[in-house]
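Take a look at the structure below.
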Amino acid sequence: MAKKELTSKMKNGYERITKAELKEMDDYCEQYMAFLDNGKTERECVTTAIALAEAKGFKKLERGMKLKAGDKVYYNNCGKNLNLAVIGKEALGANIVAAHIDSPRLDLKPQPLYEDHEMAYLKTHYYGGVRKYQWVTIPLELHGVVCLTDGTTVEVKIGEGNEPKLVITDLLPHLAQEQSKKPLSEAITGEGLTLLVGSVPVADKDVKERTKERVLEILNKKYGITEDDFISAELETVPSFDSTLVGLDGSLIGAYGHDDRVCAYAGLKAIFDIETPEKTAVLVMADKEEIGSVGLTGMISQNFENFINIITGGKADMYEYFEKSFCLSSDVTAAMDPLYADAFEDRNSAHINYGIGLCKYTGSRGKGGASDANAETVAKIRRIFDENGVVWQMAELGRIDLGGGGTVALDMSNRNIETIDAGVPVLSMHSPYEIVSKLDCYMTYKGCKAVYESK
């Protein structure tokens, strides 16, 4: 009998992946980058995902539809939260991948436009855990919708392609002695995250704020909106650059919004690539995770129960259905960064190119706010991944006492659904330009597909 290996021998994924998989990985990442570039907001992610799903045969879910094994449906919640399902052979229980499609950003305030020294500005309110200093002096765009009182919804995209960009200015170093003495968290204030949007006044000298008026004229001509319409708008400031390959070897992807669209796309592509599963395969692309999963489109809402109720025709006992379900809460984790090694505990940190990172627990400090998967659940996901050739690793979110974070896992486990976190390790997480490994992206796709197909 061969001697059993007693010590862990985690290897770099490039020592384990086949040549055929390398080609599949490159193709997969090219498709992911296209998805990311088309989805810089949660609304755009939903729109893009629906178009891709319909091309794969998914139908819009309607209440009262008669569904059978193999049917493919999607449910759009308010344009910012999307659920998809491939109906399985078994009546009770689902294999679920839950990810989120909102990312840290700068939202416009309800009354954002003002003029100061003949320059026009838009005030923002940051969303999620941004590091404010990272958002100054980079090219920015505005994406979103303006809803008019007549019921019309106007889609807004400002700064795309060759259009003029927006920017938040910073103080020149010659005059920044006092600013430089402040901590990073205070050097740029929340109220200081203000977009410069114009500098040319209208010709009419009887107008009090002439530069502001010119900006309003431009917006009205292009979108038919007025200043009061900002009140019923959702306009998000996002970085004005597309995803790119990083490194001389092109092994990494740099982009805005990897957290958590990198896992959402993995779940999306995986649900496209399965046939009729034993258990119903469900993908949740949730909103509002970055601010606590709250609201109508967040994971805490009853939208998920509503979706399950519709696909089961209202016949399933929800408690029993959840009890027989399994959820991979697919959210990113922190990748060990050698430049900031003191923030990590190396033995229990995710590493670039070592595959999808399993997080038994998240939370902060003493596991506060964590969904702590039990040992049986961890063993189950290890088996699923190993049987399907998924390169994986264990991960924690940095050193214990530095902070922490959470995912939608807590919301799913609170429904009595067996849940564990697993996702792509990220460098520079929550920045306007995050970095992930192509190999880790591909292995997360393989992991999601394996969960969908598990019994």
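Remarks
- Qualifying position, being of a type in the set (Lys, Arg), within 24 Å of THR244 (Cβ to Cβ) and touching a residue at least 24 places away in the same chain (Cβ under 8 Å), among ARG63, ARG16, ARG43: ARG43
- Within the set ASP287, ASP228, ASP317, ASP259, the sole residue that is open to solvent by 30 Å² or more (accessible area, probe 1.4 Å) and closer than 25 Å to TYR74 by Cβ turns out to be ASP317.
- Condition met for LEU92 (open to solvent by 10 Å² or more (accessible area, probe 1.4 Å), touching a residue at least 12 places away in the same chain (Cβ under 8 Å) and at negative phi): yes
- Unmet criterion (only one of (1) in contact with an Asp or Glu (Cβ under 6 Å, 6 or more places away or on another chain); (2) assigned to a helix (DSSP H, G or I)) for ASP331: (2)
- If you go through the range 222-265 and pick out every residue that is of a type in the set (S, T, N, Q) and assigned to a strand (DSSP E or B), you end up with 2.
- Number of the condition not met by LEU67 [criteria: (1) in a loop (DSSP other than H, G, I, E, B); (2) out of contact with any strand residue (DSSP E or B) (no Cβ under 8 Å at 6 or more places or on another chain); (3) open to solvent by less than 90 Å² (accessible area, probe 1.4 Å)]: (2)
- Count of the range 392-431 residues which are outside any loop (DSSP other than H, G, I, E, B), hydrophobic (A, V, I, L, M, F, W, C) and surrounded by 20 or more Cβ atoms within 10 Å (Cβ to Cβ): 8
- The single residue among ILE400, ILE420 that is hydrophobic (A, V, I, L, M, F, W, C), at pLDDT below 95 and either within 17 Å of SER349 (Cα to Cα) or in contact with a helix residue (DSSP H, G or I) (Cβ under 7 Å, 6 or more places away or on another chain) (or both) turns out to be ILE400.
- Residue list for the range 171-221, restricted to those being under 33 Å from the mean Cα position of the chain (by Cα), hydroxyl-bearing (Ser, Thr, Tyr) and assigned to a loop (DSSP other than H, G, I, E, B): THR189
- Residue in the range 36-48 that is part of a strand (DSSP E or B) and farther than 28 Å from LYS455 by Cβ present: no
The values are calculated or read from the model by the stated rules, or taken from the named source; none is laboratory data. Everything numeric here is computed off the predicted structure, so don't read it as measured data. Counting neighbours? That spans all protein chains shown, and the Cβs are built from the backbone with ideal geometry, glycine included. When the accessible area is computed, the model is the full protein with side chains, heavy atoms only, and any ligands, DNA or RNA have been set aside. Shrake-Rupley method; radii C 1.70, N 1.55, O 1.52, S 1.80 Å.
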